[in-house]
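Here's the structure we're looking at; comments come further down.
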């Protein structure tokens, strides 16, 4: 009997449950997709090559999943509370008909359970698809062709984690709704819809003062951020806390003052105020103001986090791509740091002896000796190492760059730390002198670099064990383009995954909260729209008023969040730029598009549903 | 006198075939400008269907309704909502004020919908509020007002646009007798001083007794008409009660 009623309730309030269900499904999908990273192509590839970042990604995703779970739990509890409030009358009627509070609680438990099961199943199915899409995205970011690693994959571990996590959340929701029903008074339930928030009319000067203080708070927060820069402002608590507090307070005050402000402003313009249904639309918006100024603030902050995090993670990515090219002029470089005590190595002979044919497998190889600097001979004391002109020009020629010429006795100090001389960089300051001068100096280090002829991965696989064996006798530093690339890809994916994971969670939360609020209000409004129609208001105007209300709710927090993000991105770019150059235009555009798709999608769905509801009434 | 509303041979059938119900079965009725007419009858006699048809919320199966010279059944879509907002005023049992708007704004909204000049709106709202005795609660929200005040506010909203015809559906149904009396008194004042034409559906003999004429419906047909003709209200009330009790068991449920 109860299960039948519960099922019918779920079916009947599908309009309200629709967005709830959608949000739950997206939440499950998001959670699964990122927790199943382990089995995705890119991560498998990184793990195979023992890239340290692979493990770091796993650990960080685990840590952040806890945080995401908390955010989703809050969202679901909030959404459920919203639905419960909307159903106050219905629950009141059950109690009035003689059901006990225990029975009504049981009814709610059954309903929540049904919703939970449906969304878990749908979310996991969608999650497998999303996981495949994420995998395709990340694999396409590698320079080499890894499309063979793309496969549809179901991670039992991630699914189990998702089920346990969301099971706990649903359990929490059940307990909370049960509590809410058992504490509620019948009178309140029956009059649930009637009570408006009481709007105290404050003098206009009060609103203006609030608005001014809000703007000042924001300006102060911006000033703090821009003066100290992102790194310091976030890391140093005495700066971080007041900045965040000022920013939040400022946002809150602006939203709070806006209602009184706008009402007075529009009332002062009779032509605007009394035009069409403006008066109604405005009052509708203001009647919810006591709940909306708080939720507007929260939504604004969520949007800021979503935009800021996604933009930064994408921006960081592009920076790293440029970094790989700079750091790896050769496919492999081996630095013999014990050349001063143990002598130089004949790499060609060594490889041939081990059965590795350098002629066939390498397209070129260069062995360069670096010497200790002696100012008496080189004529400069700015550098720690010296190299011969012929060696330098050979390296330049191998990279297709112009050779240099020296005046007799000149020592040309190179501006870099040897990044373009060996893969992985030398970590030395170098001067180039004429060969005769250099050869008189004491040997400091030998660097052997090579480029591969055939398949880079196969060649490297054959080469690395031979070179690693040198570790027994010499002090060796080995860097290859592939190793550096994998390392960078690891960090890049780490930034991207975390950024997208958190960004999407926040975006989902913000959009879902707004959509739920608006849909639930639209349901309250059907009676009002019917009244307007009875008074003779045109259909078109009623639908427009419904859309305007949704647009006000969606655009207001977005507008302020955009301003916050622009300031935040300016500070963040300064930070990212330390690591390299940043193409923030591209990443900002990309962020804007993704954001528009999700947020705009929720907005459109909500606006359409609200319009439909305004007509059905 | 000018004819404001003319209903001829109105039929409204719900459902089809053997399951059909004739809610209205050939009702004809005529209201002159400035008349205050009550419609009485037992539940299911077709009172509300008649009112819904006249108010353009429902469409009759056959017959004609002419208000102020316009044939209503010929109107469609936009024309219909235009006619409704410019020529008709409504007062309902549950007063249906918009709860997010103050009393002032509820009345002003009706004027905004008919696109009255913005400059005139506050003056007209205040004048109507004075007439209905609600000038003190103009800045209150509906839930801060008593039921009687809400209903008078709804009456002000219905009248403020100077409609050709005001339709009232059980306006006193949800009110205590004191508030009901106050509302009726105000409606009479509006009828007398402003010449408003009012058609009111009611269950209650006392409410009906303030009308100039009362028509009785039974089984979708008009079967009796009483005119007040200068008698005082008490005498008219007695006459209505007599009709109601003559009908005996049939109308037991109305008292």
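The values are calculated or read from the model by the stated rules, or taken from the named source; none is laboratory data. Since we're looking at a predicted model, the values are computed, not measured. All Cβ positions, even for glycine, are placed from backbone atoms using ideal geometry, and neighbour counts span all protein chains on display.
Numerical summary
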| item | result |
| --- | --- |
| Members of the range B:93-111 that are in contact (Cβ under 8 Å) with a residue 40 or more places away in the chain, more than 7 Å from every other protein chain (Cβ to nearest Cβ) and closer than 24 Å to residue A:521 by Cα | B:94, B:95, B:97, B:103, B:106, B:107 |
| Hits in the range B:78-92 - residues which are surrounded by fewer than 17 Cβ atoms within 10 Å (Cβ to Cβ) and within 10 Å of chain A (Cβ to nearest Cβ) | B:78, B:80, B:82, B:86 |
| Restricting the range A:265-297 to residues that are away from chain B (no Cβ under 14 Å) and surrounded by fewer than 18 Cβ atoms within 10 Å (Cβ to Cβ), the residue that is farthest from the chain's Cα centre (by Cα) | A:265 |
| So residue B:7, is it away from chain A (no Cβ under 14 Å), in a strand (DSSP E or B), surrounded by 19 or more Cβ atoms within 10 Å (Cβ to Cβ) and in contact with a strand residue (DSSP E or B) (Cβ under 7 Å, 6 or more places away or on another chain) | yes |
| Residue check, residue B:116 assigned to a loop (DSSP other than H, G, I, E, B) and either touching a residue at least 60 places away in the same chain (Cβ under 8 Å) or facing chain A (nearest Cβ under 10 Å) (or both) | yes |
| Residue match in the range A:555-562 (condition: within 13 Å of another protein chain (Cβ to nearest Cβ) and part of a helix (DSSP H, G or I)) | no |
| Hits in the range B:132-158 (condition: closer than 22 Å to residue B:92 by Cβ, assigned to a helix (DSSP H, G or I), more than 8 Å from chain A (Cβ to nearest Cβ) and over 18 Å from the mean Cα position of the chain (by Cα)) | B:137, B:142, B:144 |
| Matching option when the condition is within 16 Å of the chain's Cα centre (by Cα) and either loosely packed, with under 14 Cβ neighbours inside 10 Å or modelled with pLDDT under 85 (or both), among B:231, B:213, B:186 | B:186 |
| Test result for residue B:161, at pLDDT 85 or above, in contact with a helix residue (DSSP H, G or I) (Cβ under 8 Å, 6 or more places away or on another chain) and within 13 Å of another protein chain (Cβ to nearest Cβ) | yes |
| Among the residues listed as B:51, B:24, B:31, B:75, the single one being within 14 Å of chain A (Cβ to nearest Cβ) and touching a strand residue (DSSP E or B) at 6+ places or on another chain (Cβ under 6 Å) | B:51 |
| One residue from A:447, A:443 being within 41 Å of the chain's Cα centre (by Cα) and either at pLDDT 85 or above or more than 27 Å from residue A:408 (Cβ to Cβ) (or both) | A:447 |
| Enumerated helices (runs of 4 or more DSSP H) restricted to the range A:1-83, each holding at least 2 residues that are buried (at least 22 other Cβ atoms within 10 Å of the Cβ) and touching a residue at least 12 places away in the same chain (Cβ under 8 Å) | A:14-35, A:41-48 |
| Test: residue in the range A:119-133 that is more than 28 Å from residue A:74 (Cβ to Cβ), touching a residue at least 40 places away in the same chain (Cβ under 8 Å) and assigned to a helix (DSSP H, G or I) | no |
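Let's see how each residue does on (1) out of contact with any helix residue (DSSP H, G or I) (no Cβ under 9 Å at 6 or more places or on another chain); (2) surrounded by fewer than 13 Cβ atoms within 10 Å (Cβ to Cβ); (3) modelled with pLDDT under 85:
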residue: A:102; (1), (2), (3): no, yes, yes
residue: A:112; (1), (2), (3): no, no, yes
residue: A:118; (1), (2), (3): no, no, no
residue: A:125; (1), (2), (3): no, no, no
residue: A:139; (1), (2), (3): no, no, yes
residue: A:144; (1), (2), (3): no, yes, yes
residue: A:147; (1), (2), (3): no, yes, yes
